[in-house]
1. Along the charge dipole of the chain, which of Ile123, Thr160, Gly201 sits closest to the positive end, that is, farthest toward it, with unit charges on the beta carbon of Lys, Arg, Asp and Glu (+1, +1, -1, -1)?
2. Given Cα pairs under 8 Å that are at least 6 residues apart, what percent is the relative contact order of the range 83-138?
3. Specify the inter-centroid distance of the range 162-235 and the range 58-81, based on alpha-carbon positions, in whole Å.
4. Counting other beta carbons within 10 Å of each residue's own, what order do Ser238, Ser70, Ser210 fall into, fewest first?
5. Roughly speaking, what is the stretch gain from Leu6 to Ala128, that is 0.36 nm per residue apart minus the C-alpha to C-alpha distance, in nm to one decimal?
6. Tell me the angle of helix 234-247 to the major Cα principal axis of the chain, expressed in degrees between 0 and 90 and rounded to the nearest ten.
7. Describe numerically, in nm with one decimal, the distance between label points set 7 Å from Cα along Cα→Cβ at Lys191 and at Gln217.
8. Compute the helix-to-body angle for 132-146: its Cα long axis versus the longest principal axis of the chain, expressed 0 to 90° and rounded to tens.
Amino acid sequence: MDLKELREQISSCDKAIAEAFQRRLELIDEVARYKKEHKMPIYDPAREAEILGRYSGDTKALFTEIMRISRGRQSRALFPYNIALIGFMGTGKSTVAPLLAKALGRGYIDLDEEIERRHGRSIPQIFAEDGESYFRTLERELVEEVSQADYLVIACGGGTILREENRQALKRSSRLVLLTASPLTILERVKHQAHRPLLGGKPTIEAIASLLAQREQLYNEAADVRVSTDGLSPAEVSEEVVLALLQSM
Ligand code: S3P
C-alpha cells in the first residue's frame, strides 16, 4: 500500500473511533442523569478497574484517558461550578483536593502550594520574613485569579474565607464545601507538621480549640455544604463531598 492508501484507511478508522466515542459520550450523559437521580458517586473505582482490566499497553492508556474525560463530563453536568474546600487547618483540604479532582475528572489548585511555588518560599518563610498581612495579600490576589476559572477543585488555606472579599469572590464561581474535624482529630493530624505558623512549632489542643472557636461562625456562614471528616480516610471524605453536593441540589 502506498502512503495515500494507508492514510485513507487511518482516516476511516478515525471516523469509526469518533462515532463510537460520540455514542459512548451520549451513554455517559445518560449514566450521569441516572446517578444524579439516585444520588450516586461519579467515580466508581471497581467499574473502572473492570473496564481497564480488559485492555493492556497503549489501549489501556487510551481507556484510562477516555474514562477521565467521561468523569469530567459527568462532573461538569452535575456540578457546573468550582468546588472550593474550606475549613480549619488539618481538616484535610490539601489531601482531599487531588482525590476529589481525580474522582471528578477535573483539575485542582491548592492555594498555599501555589503561593509557595510562585514565590519560591514556604508559607512559614513568608510569614517570618514578610508577615501575615503580606501573605494575606498574596492569597487575596490568587483567590481573585482562581475565581475566574471554571470547574476546578480549589483547596483553600485555613484562613482564606476570613476575608469578606475572598468569600465574595469564591461565592461567585464556586460551591464552598466546609470540611470539619474535632480539635483532637486536628491535633493528631497536624502535630508532626511544621508548616503551620499560626499554631507555632508545637500545636496544643487549647491553641487549636481557641482559634477554631474564633473562626467557626465564619466557616459555617460561608459554607454551602458541610462534611465531617472525623474517622474518615481521605478517599472517604472525597466520596462524602460528592454525596453532600448531590444532596444539596
Ligand atoms: C492558615 C492556614 C494554612 C495557611 C496559613 C494560614 C490559617 O493553610 O494558609 O498557614 O489562617 O488557618 P492550611 O489550613 O492548609 O494549613
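1. Selected residue: Thr160.
2. Here the relative contact order equals 17 percent.
3. Rounded to whole Å, the Cα centres lie 30 Å apart.
4. Sorted ascending by nearby Cβ count, the order is Ser210, Ser70, Ser238.
5. Extending this stretch completely gives an extra 37.5 nm.
6. Long axis of 234-247 versus the principal axis of the chain: about 80 degrees.
7. The two pseudo-label positions are separated by 3.2 nm.
8. Orientation of helix 132-146: about 20 degrees from the principal axis.
Laboratory data are not the source of any read-out in this text; all were calculated from the coordinates shown. Since this is a predicted model, take the numbers as computed values, not measurements. Backbone-built Cβ (ideal geometry, glycine too); neighbour counts: all protein chains shown.
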